[in-house]
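To start, the structure under review is shown below, and the notes come after it.
The values are calculated or read from the model by the stated rules, or taken from the named source; none is laboratory data. The structure presented is a predicted model; accordingly, all values stated were derived computationally and were not measured. Here the Cβ positions follow ideal geometry from the backbone for every residue, glycine too, while neighbour counts run over all protein chains shown. With ligands, DNA and RNA removed, areas are computed over all heavy atoms of the protein, side chains included. Shrake-Rupley method; radii C 1.70, N 1.55, O 1.52, S 1.80 Å.
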Amino acid sequence: MSQIKQFHDLPARRQEQLMAFDRLLTIMDELRDQCPWDRKQTMDTLRHLTIEETYELSDAILEKDKTEIRKELGDIQLHLVFYAKIASETGDFDMADVFNSICDKLISRHPHIYGDAVAETEDQVKANWEQLKLKEGNKSVLGGVPGSLPALVKAMRIQEKARGAGFDWEEKQQVWEKVEEEMKEFKDEFNTDTNEAIDSSRAEGEFGDLLFSLVNYARFIDINPETALERTNKKFIKRFTYLEQQARANGKSLQEMTLAEMDVYWNEAKTI
């Protein structure tokens with residue numbers, strides 16, 4: 001069991017960290033009491049702002065911008081303190097309850113550290129984690145996947161949790177064969193050898209199956225599909241923006257250019 005130390009027994013840096021957190025709590029108290037905007041906020045009004053801050057942190061991480069990561073972590077921490085402050089005003093919980101709750105959960109979910117269980121690999125830790133959640137009352141290992149997650153992230157989390165329960169492919173080659181199978185089924189829906197009408201609903205279903213299998217394969221080769229796609233998004237934006245800039249510099253609009261002309265700038269952008 002982790003031990004709780006007195007403040008004066010802590011290393012100097014930990015004391016500084018706790019004092020900085022106390023400073024934030026104090027400022028939050030003052031803002032909630034004195035600032036009209038802060039006083040007006042509720043959990044509902046903060047929710048969309050918290051989501052925005054989370055995406056900003058994600059962008060900073062992808063850009064590997066440590067300065068921005070530090071700033072965005074501060075913004076998110078402010079939101080966490082804000083929610084706890086609002087809850088303390090109604091007597092539901094406060095920041096100490098939040099921290100003690102997560103500490104209790106971490107200790108409970110790590111019996112290989114704080115108990116007698118054995119887990120020597122990451123997969124064993126994940127499997128133990130899912131089993132403990134079921135014992136705590138979860139009816140399904142998939143019950144902890146938020147319904148509002150973006151579909152690509154949700155697909156990966158579903159697959160990870162299923163793997164934690166022992167439901168997974170044995171070899172990555174099997175997964176790739178599934179990708180090829182789903183690709184064929186998707187292609188077949190488009191009746192490429194005939195002029196028959198496309199059943200959009202069936203094609204959409206097969207496309208979803210194809211994406212799900214690709215996410216599965218990415219997981220097997222340790223690629224995060226959300227990160228991979230977002231990096232590609234950013235790469236496309238950078239190159240397309242360069243294309244627009246070069247077109248304007250030459251007194252043209254994209255609508256006036258041929259694809260061959262645009263490809264010249266696009267290929268230039270690849271070298272930057």
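Report whether or not Ile27 is among the aliphatic types (A, V, I, L, M) and farther than 18 Å from Ser88 by Cα.
On the way: among the aliphatic types (A, V, I, L, M): yes; farther than 18 Å from Ser88 by Cα: no.
No: the conditions fail for Ile27.
Which condition from (1) in a helix (DSSP H, G or I); (2) charged (D, E, K, R); (3) over 16 Å from Val153 (Cβ atoms) is the one that Asp222 breaks?
Of the numbered conditions (1) in a helix (DSSP H, G or I); (2) charged (D, E, K, R); (3) over 16 Å from Val153 (Cβ atoms), the odd one out for Asp222 is (1).
When the residues of region 27-66 are narrowed to those that are among the hydrophobic types (A, V, I, L, M, F, W, C) and free of Cβ contacts under 8 Å to residues at least 24 places away in the same chain, which ends up least open to solvent (accessible area, probe 1.4 Å)?
Going residue by residue through region 27-66, those that are among the hydrophobic types (A, V, I, L, M, F, W, C) are 27-28, 31, 35, 37, 43, 46, 49, 51, 57, 60-62.
Applying the additional criterion that residues be free of Cβ contacts under 8 Å to residues at least 24 places away in the same chain yields 27, 31, 35, 37, 51, 57, 60-61.
Values: Ile27: 68, Leu31: 64, Cys35: 38, Trp37: 131, Ile51: 73, Leu57: 26, Ala60: 8, Ile61: 91 Å².
Per the stated criteria, the residue is Ala60.
Which numbered condition trips up Leu106, out of (1) within 24 Å of Thr227 (Cα to Cα); (2) modelled with pLDDT of 90 or more; (3) exposed (fewer than 14 other Cβ atoms within 10 Å of the Cβ)?
(1)
Need the failing condition index for Phe99 against (1) under 30 Å from Gln159 (Cβ atoms); (2) aromatic (Phe, Trp, Tyr); (3) within 24 Å of the chain's Cα centre (by Cα), just the number.
(1)
Within region 247-259, count every residue that is part of a helix (DSSP H, G or I), of a type outside the set (D, E, K, R) and open to solvent by 50 Å² or more (accessible area, probe 1.4 Å).
So the first thing to find is which residues in region 247-259 are part of a helix (DSSP H, G or I), and the list is 247-249, 254-256, 259.
Then drop every residue that is not of a type outside the set (D, E, K, R), which leaves 247, 249, 254-255, 259.
Adding the requirement that they be open to solvent by 50 Å² or more (accessible area, probe 1.4 Å) leaves 249, 255, 259.
Total meeting the criteria: 3.
Considering only region 81-103, state which residues are of a type in the set (A, V, I, L, M) and surrounded by fewer than 14 Cβ atoms within 10 Å (Cβ to Cβ).
Just the residues of region 81-103 that are of a type in the set (A, V, I, L, M), to begin with: 81, 84, 86-87, 95-96, 98, 102.
If the condition is that a residue be of a type in the set (A, V, I, L, M) and surrounded by fewer than 14 Cβ atoms within 10 Å (Cβ to Cβ), then Ala96, Ile102 are the ones that fit.
Kindly establish whether Asp209 is more than 30 Å from Tyr55 (Cβ to Cβ) and surrounded by 11 or more Cβ atoms within 10 Å (Cβ to Cβ). Lay out the reasoning, then the answer.
Working: more than 30 Å from Tyr55 (Cβ to Cβ): no; surrounded by 11 or more Cβ atoms within 10 Å (Cβ to Cβ): yes.
The answer is no for Asp209.
From the list Asn233, Asn224, Asn216, Asn267, which residue is loosely packed, with under 13 Cβ neighbours inside 10 Å and under 19 Å from the mean Cα position of the chain (by Cα)?
Details: Asn224 fails: loosely packed, with under 13 Cβ neighbours inside 10 Å; Asn216 fails: loosely packed, with under 13 Cβ neighbours inside 10 Å; Asn267 fails: under 19 Å from the mean Cα position of the chain (by Cα).
When all the criteria are applied, what remains is Asn233.
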